[in-house]
Every structure is written in C-alpha cells, then in structure tokens.
Amino acid sequence: MASPHNLSLNVCPQSLRLHGFRQKRSSKGLMSEAIKCESRSSGSDDEKKLKILISGGGIAGLVFALAAKRSGFDVKVFEKDFTAVRGEGRQRGPIQLLSSALALLERIDRDVAREVMEAGYVTGDRNNGLADGRTGEWFVKYDFLTPAVAKGVPVTRVICRMELQSLLVRAVGEDVVINNSKVMDFVSDANKVRSKLFGPQEPKYSNFMCYTGITECDPQYLLQFGYKVFLGTNQFLVALDIGKGRMQWYAFVKEARESPVFHTGNKNMLLQRYRDWCDEVVTVIRRTHEDTIMRRPIYDTDMVTSWGRDRVILVGDAAHAMLPNLGQGGSMAIEDCYWLMVELQNLAQTHLMLSEISSDELDLAFRRFEKKRMLRVRTLHSICRMASVMTSGYQSHLHISLPPLPLFTNEYWSLKVKHPGMVIANQALLLALPKFMDWVVIGQH
C-alpha cells in the first residue's frame with residue numbers, strides 16, 4: 001500500500017539552497033550537524049532545482065543526501081575526513097537499525113534499503129531484553145518481531161557502521177560526495193553556531209566509561225538472543241550478536257571522567273569488576289584479546305526546545321545526541337532525514353517562483369518538522385538517560401541480617417530476598433512494555 005508520505009522522486013522545485021556543518025567527535029564526544037537554508041534566484045534550468053549542500057558525511061548526512069538525490073534535487077556532501085569509512089566503526093561498533101528506520105529507508109530508496117538489510121544481521125527475531133548480571137536470568141524481554149510483522153515492515157537488525165556508510169556513499173555517488181573538504185559559508189567554529197541558537201552548551205558526561213570488544217561465540221548460544229543487557233550495581237554489560245559467530249560486547253562501568261586510561265590491562269580490570277557475575281558475562285570478556293578492547297567516555301547533550309531558527313536547523317546528534325545504551329541514535333537520524341525532506345518537498349511544491357519562499361515560510365516548515373519529531377525523540381532521549389540512572393542503583397536482592405535463633409545457633413544469619421522495587425519494576429514493565437515497544441519499533445508512518 002502506498003504511503004501518503006512517500007517521497008516524490010520526480011520533483012524539480014525552484015532553487016533553494018541548504019548549507020550545513022558537521023563538528024567531528026572531540027575528546028568530549030560531541031558530534032553535530034546543522035542545515036542552513038538561503039534563497040537564490042537564477043534563470044538557468046540547473047538553478048531551478050532545489051540545491052542542497054550538506055557538510056558532514058555521517059549516517060544522517062548521507063541518508064539525507066540520498067533522499068535529496070532521489071527527489072531530483074541538486075545535492076553535494078562535503079566531508080572534512082571520512083572517519084567512519086576509514087575505521088571509526090572499529091571504535092564505535094555496529095549500529096542498530098529499528099524497523100521504523102528501515103521502513104523509511106525503503107521509502108527513500110528501496111534498492112539501497114535492500115542492500116542494507118542484506119548486509120545487516122537480523123536480531124529482532126529472537127529474545128532481546130534485560131537480564132540480571134549475576135544470575136543471567138531474564139528480567140524482562142522486548143518483542144521486536146510481532147509489531148514489525150503486524151505492520152509489514154522490516155525486522156530490526158544490526159549492521160557494521162563502516163559497511164553501512166560505504167553502502168550509502170556508493171548510493172549517493174562519488175560525484176556527490178566530496179572528501180577532504182569543508183563548508184566555508186558558515187562560521188569557522190561550529191560551536192559558535194550552536195551557541196548562537198541555544199546559548200553555550202557542553203556535552204554531559206554520563207558518569208559511565210564504555211569498554212568494548214568482539215569475541216567468537218558458540219553459534220548455538222547466539223541463537224538464544226539478539227542482544228542481552230546484563231544489569232548490575234554501577235555497571236552493566238550489553239552483549240550483541242553481530243553475525244558470523246561473533247559477539248560484540250559493551251561493558252559500561254561507572255567511573256570518574258578523569259579516571260586513568262588503561263592502555264593495557266583493561267581485560268584484567270574488567271574481569272575483576274565482573275568476577276561475581278554469571279558465566280555468560282565472564283566468558284565473553286575472557287575470550288576477547290586484550291589489544292582489541294577499546295575504551296571511551298559516554299556523553300550526551302540536553303534536549304533543546306527547538307532545533308533551529310530562521311534558516312538554520314540541526315538534525316541527528318546535533319539536535320538530540322543520546323546515550324548509546326538502547327541503540328537509538330542511528331535510527332533517529334534516519335527518521336529525521338526522511339521527515340525533514342518531506343517538509344522541504346511540501347514547501348518547494350507550493351511555490352512556482354523561488355522568490356515567493358520567505359524566511360518565515362521556511363521557518364514554519366522547520367517548526368512542522370520539529371513538531372512531528374519532538375515527542376518521539378524527547379521520549380527516547382529521556383529513557384536512555386533513565387536507563388543509565390536505573391543501572392546505578394540496580395539491586396536484584398536484599399540481604400537481611402537476622403539475630404541468632406535460640407536453641408539453633410548463636411550466630412547472626414542472613415536472608416536473601418528479591419528486592420521489592422525490582423519486583424514492582426518487573427510487573428510494571430510487563431504491563432506497559434508491549435504497547436511501548438510497538439511505538440518504538442514501528443515509529444511514525
């Protein structure tokens with residue numbers, strides 16, 4: 001069934017130029033993208049197309065470029081340095097693509113979406129969810145499959161970040177992507193643009209350091225789940241099946257930002273931190289080679305009430321950088337790109353002459369985009385933060401010390417009982433999770 005929001009691929013509206021910037025990931029972990037629009041009048045046929053200039057060849061930049069190209073617009077992507085294609089993915093690991101993002105990618109370009117899905121590895125068809133770190137027992141499971149099947153959309157999967165970006169670069173075309181370049185008509189310091197829009201804002205350290213590695217696993221074991229989050233006090237570990245008998249794991253450990261960097265010995269430190277956890281956790285760490293374990297601090301940014309002003313708008317991490325513990329960042333970026341392109345198309349189609357497009361009209365289009373996206377993004381941003389806070393105080397059981405029992409013992413003894421807070425949380429999640437996961441997985445259509 002055709003979607004009322006499908007992108008029109010034969011649109012050639014009047015000239016409208018978008019500019020943008022991308023600030024590379026710094027030691028503080030901030031990555032930002034922005035789009036700036038300005039009107040340009042010209043009489044040539046080439047100048048009658050919507051002209052889009054994108055600075056930053058990340059997932060958001062390339063997906064937006066693909067949508068623009070398939071819509072018949074004139075687009076260029078300027079990238080200072082293709083970090084992800086050349087190896088950033090080794091540090092950041094695979095990327096999860098929800099059914100919602102894959103469905104919108106299909107609307108943009110079905111062939112590219114098929115390539116992405118074939119290159120990816122389905123994780124949404126098995127158990128996924130939270131488990132107790134010490135026992136390995138499931139705390140709650142997520143159902144990614146049922147809502148996807150019910151809506152007839154692709155099932156959630158993971159894909160190598162570098163492979164995804166390489167596929168998108170090929171689809172956009174080498175004639176569109178210009179490497180070793182930067183946009184010069186924005187101010188040279190990207191932070192000045194963000195500060196001008198929202199005031200000074202530093203990325204917030206989450207109080208967690210992430211250690212990650214890849215290890216070989218028994219394929220039969222991997223068939224049991226797509227990803228599993230093992231919970232513990234002040235630390236948790238995410239195990240993710242990435243295909244070909246391999247598992248990527250992320251150990252999130254509560255540490256001060258200034259904690260020393262262990263250039264060697266990360267493995268021993270982690271084995272010590274997780275020594276009392278279940279065999280599943282200890283085994284994946286033990287099987288990982290020391291020199292492949294990588295470490296990075298985890299940051300996010302506060303949500304803002306608006307993502308742009310006048311002719312400037314932020315998308316992706318610039319607007320709503322999220323903590324990675326739920327794997328939402330890539331999917332939210334793809335969703336952003338689709339809905340922003342819908343609004344730009346709608347605006348361009350209502351004007352025969354470029355001069356008729358005012359700054360106020362463009363600003364209203366951006367506000368419609370924000371209205372479409374704000375609730376969903378803000379909710380997931382808050383839940384990602386909440387998940388980190390909850391893990392800091394996670395305690396599966398209470399140990400109650402009891403006085404000696406006459407005639408039996410003269411010593412104090414302890415009683416282990418399930419933490420009542422965890423029992424309540426479990427029941428609440430079982431009640432609310434099905435509808436919530438439908439909303440997360442399916443998204444806005």
### Query
Could you count how many residues in segment 115-154 are part of a strand (DSSP E or B) and not hydrophobic (A, V, I, L, M, F, W, C)?
7
### Task
Quickly run through segment 155-166 and pick out the residues that are outside any loop (DSSP other than H, G, I, E, B) and surrounded by 19 or more Cβ atoms within 10 Å (Cβ to Cβ).
R157, V158, I159, R161, M162, L164, Q165
### Task
Scan segment 112-130 residue by residue and report those that are touching a residue at least 24 places away in the same chain (Cβ under 8 Å), more than 14 Å from V153 (Cα to Cα) and out of contact with any helix residue (DSSP H, G or I) (no Cβ under 7 Å at 6 or more places or on another chain).
G120, Y121, T123, R126, N127, N128, G129, L130
### Message
What's the total number of residues in segment 270-295 that are free of Cβ contacts under 8 Å to residues at least 60 places away in the same chain, over 19 Å from N234 (Cα atoms) and not polar (S, T, N, Q)?
### Response
3
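Rundown of residues vs (1) out of contact with any strand residue (DSSP E or B) (no Cβ under 9 Å at 6 or more places or on another chain); (2) modelled with pLDDT under 95; (3) under 20 Å from G245 (Cα atoms), yes/no style:
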{"position": "P94", "(1), (2), (3)": "no, yes, yes"}
{"position": "S100", "(1), (2), (3)": "yes, no, no"}
{"position": "A103", "(1), (2), (3)": "yes, no, no"}
{"position": "E106", "(1), (2), (3)": "yes, no, no"}
{"position": "D109", "(1), (2), (3)": "yes, no, no"}
{"position": "E115", "(1), (2), (3)": "yes, no, no"}
{"position": "E118", "(1), (2), (3)": "yes, no, yes"}
{"position": "R126", "(1), (2), (3)": "no, yes, yes"}
{"position": "L130", "(1), (2), (3)": "no, yes, no"}
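Okay, residues lined up against (1) more than 19 Å from Y211 (Cα to Cα); (2) of a type in the set (D, E, K, R):
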site	(1), (2)
D300	no, yes
G308	yes, no
R311	yes, yes
G329	no, no
D336	yes, yes
### Message
Among the residues of segment 247-269, are any at positive phi and either without any contact (Cβ under 8 Å) to a residue 40 or more places away in the chain or more than 19 Å from the chain's Cα centre (by Cα) (or both)?
### Response
yes
### Query
strands (runs of 3 or more DSSP E) wholly in segment 241-321 with at least 1 residues that are surrounded by 21 or more Cβ atoms within 10 Å (Cβ to Cβ) and touching a helix residue (DSSP H, G or I) at 6+ places or on another chain (Cβ under 6 Å) - which ones?
246-254, 312-315
### Criterion: closer than 27 Å to R126 by Cβ and at pLDDT below 95 - qualifying residue of D241, D291
D241
### Summary
Cβ pairs under 7 Å, 6+ apart or interchain, first in segment 427-445 and in contact (Cβ under 8 Å) with a residue 24 or more places away in the chain and closer than 23 Å to K372 by Cα, second small (G, A, S) and in a helix (DSSP H, G or I), ordered by first then second residue, are V441/S99; V441/S100; V441/A148; I442/S99; I442/S100; G443/S100; H445/A103
### Query
So is D336 assigned to a helix (DSSP H, G or I) and surrounded by fewer than 19 Cβ atoms within 10 Å (Cβ to Cβ) or not?
no
### Condition met for Y221 (more than 23 Å from H320 (Cα to Cα), among the aromatic types (F, W, Y) and at pLDDT below 90)
yes
### Scan of segment 235-256 for residues that are among the β-branched types (V, I, T) and over 18 Å from W277 (Cβ atoms), ordered by number
I242
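The values are calculated or read from the model by the stated rules, or taken from the named source; none is laboratory data. From a predicted model like this one, the values you see are computed outputs, not experimental measurements. Don't worry about glycine lacking a Cβ; one is built from the backbone with ideal geometry, like all the others, and counts go over all protein chains shown.
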